[in-house]
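Shown next, in structure tokens, is the structure this report addresses.
The values are calculated or read from the model by the stated rules, or taken from the named source; none is laboratory data. Note that the structure is a prediction, hence the values are computed from the model and not measured. Please note: Cβ atoms are built from the backbone with ideal geometry, for glycine as well, and neighbour counts cover all protein chains shown. Surface areas here come from the heavy atoms of the whole protein model, side chains and all, with no ligands, DNA or RNA. Shrake-Rupley method; radii C 1.70, N 1.55, O 1.52, S 1.80 Å.
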Amino acid sequence: MCSIGVAVSTVVSDKYSRMDVLKKRARVYMETTKIYLALTFRDVWKVGHDDPRRAIHSLKVGISLTLVSLLYLLEPLYKGVGENVIWAVMTVVVVLEFTAGATLCKGLNRGLGTLLAGSLAFLFEFIARESGKVFYAVFIGASVFLIGATSTYLRFFPSVKKNYDYGVVIFLLTFNLITISSYRVDDVLKIARERLYTMAIGSGVCILMSLFVFPIWSGEDLHNSTVSKLEGLAKSIEDCVNEYFSDREPDAGKDKLTEDSIYNNYKSVLDSKSTDETLALHASWEPRHSWHCNPFPWQQYVKLGAVLRHFGYTVVGLHGSLQTEIQTPKSVRLLFKDPCTRLATEVSKALMELAESIRSHRQCSPEVLSDRLHQALQDLDTALKSQPRLFLGPNGPNNTASMLALAAETARSKPEKHLSSVKTEFSALSEWRSKRVSKQSVEAEGKFLRPTLSKIAITSLEFSEALPFAAFAALLVEMVAKLDLVIEEVEELGRVACFKEFEIGDDVVLNVADDKSKMEINLPSNTAE
């Protein structure tokens with residue numbers, strides 16, 4: 001009886017322990033599910049919050065699909081169009097893009113390709129129908145080969161690939177479908193007509209939704225993107241200079257946040273080439289949709305984007321100065337803080353003025369390169385010339401002779417080092433033949449010694465402490481030189497796009513605090529929108 005009781009108690013305890021394990025697993029599963037749902041909701045909200053037009057475009061696609069589905073669901077419409085309504089649904093899915101320009105490009109390409117393919121297929125069918133069955137099959141095969149090879153070869157032409165690649169693909173697809181089907185179907189004209197009807201209905205719905213229901217213009221996206229790139233470069237320059245001359249102790253979390261901000265601002269400029277070209281292509285298909293029907297030279301925006309990328313490479317070098325292994329001491333940096341900060345501030349002001357002029361569709365100020373910029377550049381030059389010993393190293397003029405002597409000694413020691421290395425390799429090879437482990441240990445030791453030796457070699461040289469700062473200052477001066485190219489492209493854009501003339505009341509006042517990297521833009525009340 002005792003053994004039975006013990007067995008029963010053991011079974012009961014095992015049952016309760018299993019229940020506890022199941023409850024814990026269920027609790028963990030519920031917590032994991034809650035976290036997953038919260039993260040999913042956050043991601044969904046972030047996508048819509050970053051650009052509310054994404055939600056609008058999704059609703060437009062849903063409405064368009066519903067409208068073309070009515071052709072299949074309603075009996076009168078189904079009888080009038082036929083069973084090929086599914087092609088209209090496919091057209092909506094493929095053609096309706098995010099911007100109106102992309103939708104027009106695809107819709108017109110699809111329409112033109114379908115029309116040409118249907119007409120050509122019907123012409124070939126009419127010519128070959130009068131002959132026999134065998135000749136008809138040979139003629140279809142030959143026409144498919146000829147049209148397929150010719151169309152594919154045309155896609156390699158840059159102008160065709162850039163503007164009409166999608167239309168050529170649709171032409172080739174439609175021609176093959178109609179031509180091959182005509183061999184087994186008597187009424188090929190009906191196939192071509194229904195295919196054209198469904199395509200026209202689907203493309204028409206897409207174009208109407210894109211142009212008249214909360215339209216999203218590729219031209220405006222390209223315009224706003226150019227403005228944001230100029231502002232991003234200006235903020236990156238300010239953040240780099242402020243971080244370089246910062247007096248505070250390095251904070252890992254705060255520095256990481258600053259680095260990410262600088263990187264993200266100029267990264268969008270460096271990665272903008274394909275986006276700018278695509279937006280410019282789609283914008284060329286869009287109609288004039290503003291009250292002032294001035295020409296908008298989208299290719300000029302592409303040229304300006306290329307100049308901004310070259311300017312951005314200098315900002316990348318400026319950012320790299322914050323992360324170099326050899327840094328100029330803060331005591332030396334502070335000697336040049338004021339002229340460098342003022343120079344970077346004036347460059348940022350010029351970029352912000354250019355961004356504001358493009359945003360408001362007006363020509364930039366004739367004094368965008370102010371006297372303060374030239375004065376800051378002159379002050380930096382004076383400050384550099386006032387400290388010649390910093391750039392000649394710790395021993396002043398004698399540093400050059402010592403460096404030459406060190407170089408001669410290094411040159412004389414190179415053959416000896418080479419011979420010793422040869423002997424070491426020979427002995428290591430001999431030892432490897434007797435004991436392989438010995439060689440592996442020697443190689444491992446050599447790999448660990450190389451970085452140490454390189455650092456010792458660098459630190460043993462009497463380089464100037466201000467040498468890294470000299471590279472930083474050279475990048476600032478190079479930035480001023482490249483700023484002229486940016487201004488020229490912006491002025492050309494304003495001239496070709498017929499931007500309104502600059503007026504005195506359109507001045508932009510930029511207040512940049514010395515202890516903040518954030519810029520505040522104050523516009524007068526009479527500034528035109």
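Data for the structure
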read-out	value
Inverse of mean 1/r across different Cα pairs in the stretch 155-223, Kirkwood, Å	14.8
Compactness relative to 2.2 N^0.38 Å, alpha carbon Rg of the stretch 335-375	1.32
Under the Karplus curve 6.51 cos²θ - 1.76 cosθ + 1.60, θ = phi - 60°, whole-Hz ³J(HN,Hα) for the stretch 156-171, x wherever Gly or Pro sits	7, 6, x, 5, 5, 5, 6, 10, 10, 5, 5, x, 5, 5, 5, 4
Ranked by how many other beta carbons lie within 10 Å on average, peptides 319-328, 490-499 from highest	490-499, 319-328
Vicinal HN-Hα couplings computed from phi for the stretch 316-333 (Karplus, 6.51 cos²θ - 1.76 cosθ + 1.60; Hz; Gly/Pro x)	4, x, 5, 5, x, 5, 6, 10, 6, 5, 9, 10, 6, x, 5, 4, 6, 4
Among 63-69, 191-197, 340-346, 49-55, the order from most to least packed when residues are scored by Cβ within 10 Å on average	340-346, 191-197, 63-69, 49-55
In Å², nearest 10: area of Asp276 left accessible to a 1.4 Å probe	0
Rotationally averaged projected area of the stretch 63-208 (alpha carbon convex hull; nm²)	9.1
Cα-based Rg and Dmax for the stretch 133-286, where Dmax is the largest Cα-Cα distance (Å)	26.6, 90
Ordering of 230-242, 29-41, 477-489 by burial proxy (mean other Cβ atoms within 10 Å per residue, highest first)	230-242, 477-489, 29-41
Karplus-derived HN-Hα couplings along the stretch 234-244 (A = 6.51, B = -1.76, C = 1.60, θ = phi - 60°), whole Hz, x at Gly and Pro	4, 5, 4, 5, 4, 5, 4, 5, 5, 5, 5
